[in-house]
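One structure is given here, and the rest of the page talks about it.
The values are calculated or read from the model by the stated rules, or taken from the named source; none is laboratory data. Note that the structure is predicted; figures quoted are calculated from it, not measured. Ideal geometry is used to build each Cβ from the backbone, glycine not excepted, and the neighbour counts take in all protein chains shown.
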Ligand SMILES: [Zn+2]
(Lines give C-alpha, C1' and ligand atoms only; values in the text may rest on other atoms or scores of the structure.)
Protein backbone atom coordinates (compact mmCIF):
# COMPACT_ATOMS: atom_id res chain seq x y z
CA UNK A 1 0.00 0.00 0.00
CA UNK A 2 1.18 3.49 -0.81
CA UNK A 3 2.19 5.80 1.98
CA UNK A 4 -0.27 8.52 2.93
CA UNK A 5 1.15 12.00 2.75
CA UNK A 6 0.11 15.13 4.58
CA UNK A 7 0.67 18.60 3.23
CA UNK A 8 0.79 21.88 5.12
CA UNK A 9 0.49 24.97 2.96
CA UNK A 10 2.75 27.85 4.04
CA UNK A 11 2.73 31.46 2.88
CA UNK A 12 6.15 33.05 2.48
CA UNK A 13 5.32 36.41 0.96
CA UNK A 14 2.76 38.00 -1.33
CA UNK A 15 2.54 40.07 -4.48
CA UNK A 16 -0.07 42.78 -4.81
CA UNK A 17 -1.72 42.43 -8.19
CA UNK A 18 -5.14 42.57 -9.79
CA UNK A 19 -7.42 39.61 -9.18
CA UNK A 20 -7.29 38.50 -12.79
CA UNK A 21 -3.60 39.28 -13.39
CA UNK A 22 -2.77 35.56 -13.67
CA UNK A 23 -5.47 35.06 -16.34
CA UNK A 24 -4.27 35.99 -19.81
CA UNK A 25 -6.61 38.39 -21.60
CA UNK A 26 -9.02 38.98 -18.71
CA UNK A 27 -10.07 42.42 -17.39
CA UNK A 28 -7.79 43.33 -14.45
CA UNK A 29 -10.31 43.07 -11.57
CA UNK A 30 -9.80 44.42 -8.05
CA UNK A 31 -6.37 44.53 -6.37
CA UNK A 32 -5.60 41.53 -4.21
CA UNK A 33 -2.57 40.04 -2.47
CA UNK A 34 -1.49 36.90 -4.29
CA UNK A 35 0.43 34.67 -1.85
CA UNK A 36 3.74 33.01 -2.59
CA UNK A 37 3.16 29.45 -1.39
CA UNK A 38 5.36 26.54 -0.42
CA UNK A 39 4.23 23.12 0.77
CA UNK A 40 5.64 21.09 3.69
CA UNK A 41 4.93 17.42 3.09
CA UNK A 42 5.53 14.34 5.21
CA UNK A 43 4.52 10.72 5.54
CA UNK A 44 5.69 10.76 9.15
CA UNK A 45 9.19 9.66 8.14
CA UNK A 46 10.56 11.83 5.34
CA UNK A 47 10.33 15.63 5.34
CA UNK A 48 9.81 17.20 1.95
CA UNK A 49 9.45 20.85 1.02
CA UNK A 50 7.85 21.80 -2.30
CA UNK A 51 9.30 25.14 -3.44
CA UNK A 52 11.15 27.46 -1.08
CA UNK A 53 9.70 30.93 -1.63
CA UNK A 54 11.80 34.08 -1.88
CA UNK A 55 14.27 33.38 0.93
CA UNK A 56 15.88 36.54 2.27
CA UNK A 57 16.07 38.64 -0.88
CA UNK A 58 13.00 40.85 -0.67
CA UNK A 59 14.95 44.11 -1.16
CA UNK A 60 16.50 42.86 -4.37
CA UNK A 61 13.13 41.68 -5.64
CA UNK A 62 11.38 44.97 -4.86
CA UNK A 63 14.20 46.96 -6.49
CA UNK A 64 14.05 44.67 -9.53
CA UNK A 65 11.39 42.46 -11.05
CA UNK A 66 8.52 42.83 -8.58
CA UNK A 67 8.09 46.23 -6.84
CA UNK A 68 4.80 45.02 -5.37
CA UNK A 69 6.28 42.08 -3.48
CA UNK A 70 5.78 42.05 0.30
CA UNK A 71 7.07 39.78 3.04
CA UNK A 72 6.33 39.98 6.75
CA UNK A 73 9.23 38.93 9.03
CA UNK A 74 7.30 35.80 9.97
CA UNK A 75 7.03 34.89 6.29
CA UNK A 76 10.76 34.43 5.72
CA UNK A 77 11.16 30.89 4.43
CA UNK A 78 12.82 29.46 7.55
CA UNK A 79 10.61 31.32 10.04
CA UNK A 80 7.41 30.41 8.21
CA UNK A 81 8.40 26.74 8.04
CA UNK A 82 9.25 26.64 11.74
CA UNK A 83 5.99 28.25 12.74
CA UNK A 84 3.84 26.08 10.49
CA UNK A 85 5.30 22.61 11.09
CA UNK A 86 8.14 23.04 13.61
CA UNK A 87 10.90 22.03 11.17
CA UNK A 88 14.27 23.76 11.13
CA UNK A 89 16.04 24.07 7.77
CA UNK A 90 18.33 21.16 8.68
CA UNK A 91 15.32 18.87 9.14
CA UNK A 92 14.31 18.96 5.47
CA UNK A 93 15.41 15.86 3.53
CA UNK A 94 14.15 16.71 0.06
CA UNK A 95 13.31 19.95 -1.72
CA UNK A 96 11.23 19.66 -4.88
CA UNK A 97 11.30 22.76 -7.06
CA UNK A 98 8.30 22.92 -9.37
CA UNK A 99 10.43 25.28 -11.46
CA UNK A 100 13.32 27.68 -10.97
CA UNK A 101 11.76 31.14 -11.05
CA UNK A 102 13.19 33.19 -8.20
CA UNK A 103 10.02 33.06 -6.09
CA UNK A 104 10.06 29.24 -6.04
CA UNK A 105 13.72 28.46 -5.31
CA UNK A 106 14.96 31.59 -3.49
CA UNK A 107 15.17 29.74 -0.17
CA UNK A 108 16.91 26.56 -1.42
CA UNK A 109 20.29 27.55 0.02
CA UNK A 110 18.87 27.49 3.55
CA UNK A 111 18.37 23.71 3.44
CA UNK A 112 21.84 22.39 4.12
CA UNK A 113 20.90 18.69 4.36
CA UNK A 114 18.50 18.55 1.43
CA UNK A 115 18.84 17.49 -2.15
CA UNK A 116 16.99 19.54 -4.76
CA UNK A 117 14.82 17.71 -7.29
CA UNK A 118 14.12 19.54 -10.53
CA UNK A 119 13.55 18.59 -14.15
CA UNK A 120 16.69 18.64 -16.28
CA UNK A 121 14.88 20.72 -18.91
CA UNK A 122 14.10 23.34 -16.29
CA UNK A 123 17.69 23.36 -15.06
CA UNK A 124 18.94 23.91 -18.58
CA UNK A 125 16.41 26.70 -19.19
CA UNK A 126 17.47 28.40 -15.96
CA UNK A 127 21.18 28.07 -16.76
CA UNK A 128 20.73 29.76 -20.11
CA UNK A 129 17.55 31.83 -19.85
CA UNK A 130 16.06 33.24 -23.01
CA UNK A 131 13.08 35.35 -24.05
CA UNK A 132 10.55 37.48 -22.18
CA UNK A 133 10.69 35.47 -18.96
CA UNK A 134 14.49 35.26 -18.64
CA UNK A 135 14.44 37.87 -15.83
CA UNK A 136 12.64 35.38 -13.57
CA UNK A 137 15.67 33.06 -13.47
CA UNK A 138 18.39 34.21 -11.06
CA UNK A 139 21.75 32.45 -11.58
CA UNK A 140 22.77 32.94 -7.95
CA UNK A 141 20.10 30.44 -6.88
CA UNK A 142 21.63 27.65 -8.96
CA UNK A 143 25.19 27.49 -7.68
CA UNK A 144 27.62 28.72 -5.03
CA UNK A 145 29.36 27.22 -2.00
CA UNK A 146 26.11 26.23 -0.32
CA UNK A 147 24.62 24.90 -3.57
CA UNK A 148 27.19 22.44 -4.98
CA UNK A 149 26.21 20.49 -8.11
CA UNK A 150 25.93 17.17 -6.27
CA UNK A 151 22.99 18.48 -4.27
CA UNK A 152 20.90 18.89 -7.43
CA UNK A 153 19.06 15.85 -8.77
CA UNK A 154 18.07 16.38 -12.40
CA UNK A 155 15.04 14.39 -13.51
CA UNK A 156 14.06 13.33 -16.99
CA UNK A 157 10.27 13.23 -16.93
CA UNK A 158 7.86 11.53 -14.55
CA UNK A 159 9.27 9.83 -11.47
CA UNK A 160 7.99 8.35 -8.24
CA UNK A 161 10.42 9.79 -5.70
CA UNK A 162 8.92 7.88 -2.77
CA UNK A 163 5.89 5.59 -2.48
CA UNK A 164 2.84 7.79 -2.98
CA UNK A 165 4.85 10.88 -3.99
CA UNK A 166 5.61 11.47 -7.63
CA UNK A 167 6.46 14.32 -9.96
CA UNK A 168 5.34 14.67 -13.57
CA UNK A 169 6.07 17.26 -16.24
CA UNK A 170 3.62 20.16 -16.63
CA UNK A 171 5.38 22.50 -19.08
CA UNK A 172 3.93 25.72 -20.49
CA UNK A 173 4.64 28.29 -17.77
CA UNK A 174 8.31 27.26 -18.14
CA UNK A 175 9.97 24.65 -20.38
CA UNK A 176 10.65 22.14 -17.60
CA UNK A 177 7.95 22.83 -15.05
CA UNK A 178 6.88 19.83 -12.93
CA UNK A 179 3.96 19.20 -10.59
CA UNK A 180 3.87 17.01 -7.49
CA UNK A 181 1.20 14.35 -6.98
CA UNK A 182 0.63 13.11 -3.45
CA UNK A 183 -1.38 10.18 -2.23
CA UNK A 184 -3.38 11.54 0.74
CA UNK A 185 -6.31 10.50 2.88
CA UNK A 186 -8.47 12.73 0.64
CA UNK A 187 -7.28 11.30 -2.65
CA UNK A 188 -4.69 12.53 -5.16
CA UNK A 189 -3.52 16.00 -4.18
CA UNK A 190 -1.64 17.88 -6.87
CA UNK A 191 0.74 20.74 -6.07
CA UNK A 192 1.03 22.48 -9.41
CA UNK A 193 3.37 25.41 -8.75
CA UNK A 194 2.92 28.02 -11.46
CA UNK A 195 1.63 25.58 -14.06
CA UNK A 196 -1.66 26.91 -12.65
CA UNK A 197 -1.44 30.28 -10.87
CA UNK A 198 -5.09 30.49 -9.82
CA UNK A 199 -7.91 27.96 -10.03
CA UNK A 200 -9.57 29.52 -13.08
CA UNK A 201 -6.52 28.82 -15.23
CA UNK A 202 -7.42 25.18 -14.81
CA UNK A 203 -11.20 25.19 -14.65
CA UNK A 204 -11.72 27.69 -17.51
CA UNK A 205 -8.71 26.75 -19.63
CA UNK A 206 -7.24 30.27 -19.55
CA UNK A 207 -3.46 30.19 -19.66
CA UNK A 208 -1.34 32.04 -17.12
CA UNK A 209 -0.19 35.53 -18.06
CA UNK A 210 3.45 34.40 -17.76
CA UNK A 211 4.24 31.44 -20.00
CA UNK A 212 6.60 30.17 -22.67
CA UNK A 213 4.14 27.94 -24.55
CA UNK A 214 0.34 28.32 -24.21
CA UNK A 215 -0.41 25.11 -26.13
CA UNK A 216 1.72 23.14 -23.70
CA UNK A 217 -0.04 24.86 -20.80
CA UNK A 218 -3.43 23.66 -22.04
CA UNK A 219 -2.12 20.10 -22.37
CA UNK A 220 -0.72 20.32 -18.84
CA UNK A 221 -4.11 21.48 -17.53
CA UNK A 222 -5.78 18.45 -19.10
CA UNK A 223 -3.18 16.15 -17.55
CA UNK A 224 -3.63 17.73 -14.11
CA UNK A 225 -7.43 17.42 -14.32
CA UNK A 226 -7.06 13.77 -15.31
CA UNK A 227 -4.83 12.91 -12.36
CA UNK A 228 -5.87 15.14 -9.46
CA UNK A 229 -8.74 14.97 -7.00
CA UNK A 230 -7.55 18.20 -5.36
CA UNK A 231 -5.27 20.93 -6.64
CA UNK A 232 -3.09 23.66 -5.12
CA UNK A 233 -2.40 26.50 -7.58
CA UNK A 234 0.83 28.45 -7.05
CA UNK A 235 -0.54 31.91 -6.23
CA UNK A 236 -4.24 31.53 -5.40
CA UNK A 237 -5.24 33.77 -2.45
CA UNK A 238 -8.34 31.71 -1.67
CA UNK A 239 -6.11 28.84 -0.54
CA UNK A 240 -5.63 30.64 2.78
CA UNK A 241 -8.70 28.67 3.85
CA UNK A 242 -7.06 25.35 2.96
CA UNK A 243 -4.07 24.85 5.24
CA UNK A 244 -4.02 21.07 4.69
CA UNK A 245 -5.46 20.49 1.25
CA UNK A 246 -6.49 22.15 -1.97
CA UNK A 247 -9.47 22.96 -4.19
CA UNK A 248 -11.59 19.88 -4.81
CA UNK A 249 -11.82 18.96 -8.50
CA UNK A 250 -13.54 15.58 -8.25
ZN1 LIG B 1 6.92 31.00 -12.15
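Per the conditions (1) on the phi > 0 side of the Ramachandran plot; (2) buried (at least 23 other Cβ atoms within 10 Å of the Cβ); (3) modelled with pLDDT under 95, the sole criterion not satisfied by residue 172 is (3). Would you confirm whether or not the stretch 110-117 contains a residue that is more than 16 Å from the ligand (Cβ to nearest atom), part of a helix (DSSP H, G or I) and either free of Cβ contacts under 8 Å to residues at least 12 places away in the same chain or over 12 Å from the mean Cα position of the chain (by Cα) (or both)? Yes.
Restricted to the stretch 76-94, and to residues there that are touching a helix residue (DSSP H, G or I) at 6+ places or on another chain (Cβ under 6 Å) and within 22 Å of residue 161 (Cα to Cα), the residue that is farthest from the ligand (Cβ to nearest atom) is 87. In the stretch 164-179, the residues that are within 18 Å of residue 4 (Cα to Cα) form no Cβ pair under 7 Å with any partner that is at pLDDT below 95 and assigned to a strand (DSSP E or B), whether six or more places apart or across chains. Could you tell me which residue of the stretch 225-244 is nearest to the ligand (Cβ to nearest atom), considering only residues that are surrounded by 22 or more Cβ atoms within 10 Å (Cβ to Cβ) and under 15 Å from the mean Cα position of the chain (by Cα)? It comes out as 234. The residues on offer are 129, 214, 145, 149, and the sole one that is within 16 Å of the ligand (Cβ to nearest atom) and either without any contact (Cβ under 8 Å) to a residue 24 or more places away in the chain or crowded, with 21+ Cβ neighbours inside 10 Å (or both) is 129.
With respect to residue 200, determine if the residue is more than 26 Å from residue 41 (Cα to Cα), outside any loop (DSSP other than H, G, I, E, B) and over 12 Å from the mean Cα position of the chain (by Cα).
Criteria not met by residue 200.
Would you mind stating whether residue 166 is under 20 Å from residue 195 (Cα atoms), away from the ligand (no atom under 16 Å from the Cβ) and out of contact with any helix residue (DSSP H, G or I) (no Cβ under 9 Å at 6 or more places or on another chain)? Judged against the criteria, residue 166 is a match.
Note on the stretch 61-90: residues that are buried (at least 16 other Cβ atoms within 10 Å of the Cβ) and touching a residue at least 40 places away in the same chain (Cβ under 8 Å) amount to 12. Across the stretch 182-209, the number of residues qualifying as closer than 14 Å to residue 51 by Cα, in contact with a helix residue (DSSP H, G or I) (Cβ under 9 Å, 6 or more places away or on another chain) and away from the ligand (no atom under 13 Å from the Cβ) comes to 1. Among residues of the stretch 223-250 that are more than 15 Å from residue 50 (Cβ to Cβ) and outside any helix (DSSP H, G or I), those with a Cβ under 7 angstrom from a residue that is more than 16 Å from the ligand (Cβ to nearest atom) and modelled with pLDDT under 80, sequence gap 6+ or separate chain, pair up as 229/250. Restricting attention to the stretch 5-28, the residues being outside any strand (DSSP E or B) and at pLDDT below 85 number 9.
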